[in-house]
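Throughout, read-outs are computed from the coordinates displayed, never taken from laboratory work. These numbers come from a predicted model, not from an experiment. Cβ placement follows ideal geometry from the backbone for every residue including glycine, while neighbour counts extend to all protein chains displayed.
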Amino acid sequence: MITLVCFHGWGGSRESWTELTAALRGTDVHVLAPDLPGFGTEPEPVKAWTNDDYALWAETYISKNVVKDSRLWIIGHSHGGRISMKLALRKNILIEQLFLCAPAGIRH
């Protein structure tokens with residue numbers, strides 16, 4: 001099984017991935033699209049978060065929600081792309097595929 005975790009951009013929400021989720025329905029790809037803290041239905045953190053705080057939250061989310069033997073794919077848009085890049089640098093999770101859509105954090 002493949003689990004695709006989708007991280008939305010700044011000002012977005014899990015709803016940003018509605019069309020992708022619908023397109024993958026019926027395939028062997030299980031889609032998870034959480035609201036990041038402070039967006040959608042998730043409450044705001046009590047203090048301003050750094051990118052590392054968001055990456056730690058995302059790592060914890062993955063460890064709690066992705067089936068252990070599942071192949072992990074991650075897609076991130078904008079701010080979600082920056083979080084995804086930070087996750088890819090961590091040693092705690094194995095990402096098989098990383099998809100970045102207009103990611104923040106890449107300097108030209």
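Counting only lysines at least 8 places from Lys91 when in the same chain, those with an alpha carbon closer than 19 Å to its own are Lys64, Lys68.
The dipole here belongs to the chain: it is taken about the Cα centre, uses +1 on the Cβ of Lys and Arg and -1 on the Cβ of Asp and Glu, and is about 300 debye. Segment 12-41 and segment 49-108 have their alpha-carbon centroids 14 Å apart. Only the Cβ atoms of Lys and Arg (+1) and of Asp and Glu (-1) were treated as charged; on that basis the dipole of segment 1-46 about its Cα centre amounts to roughly 120 debye. Between Asp53 and Ile95, the modelled labels are 2.1 nm apart [label points 7 Å from Cα along Cα→Cβ]. Taking the longest Cα principal axis of the chain as reference, the axis of helix 79-89 is set at about 70 degrees.
Relative to the dominant Cα principal axis of the chain, helix 51-65 is inclined by about 30°.
In this structure, Thr60 and Thr18 have a Cβ-Cβ separation that, at R0 = 25 Å, corresponds to a calculated FRET efficiency of about 0.55. The alpha-carbon of Lys86 sits under 14 angstrom from the alpha-carbons of these aspartates and glutamates, leaving out residues fewer than 8 places away in its chain: Asp52, Asp53, Glu59.
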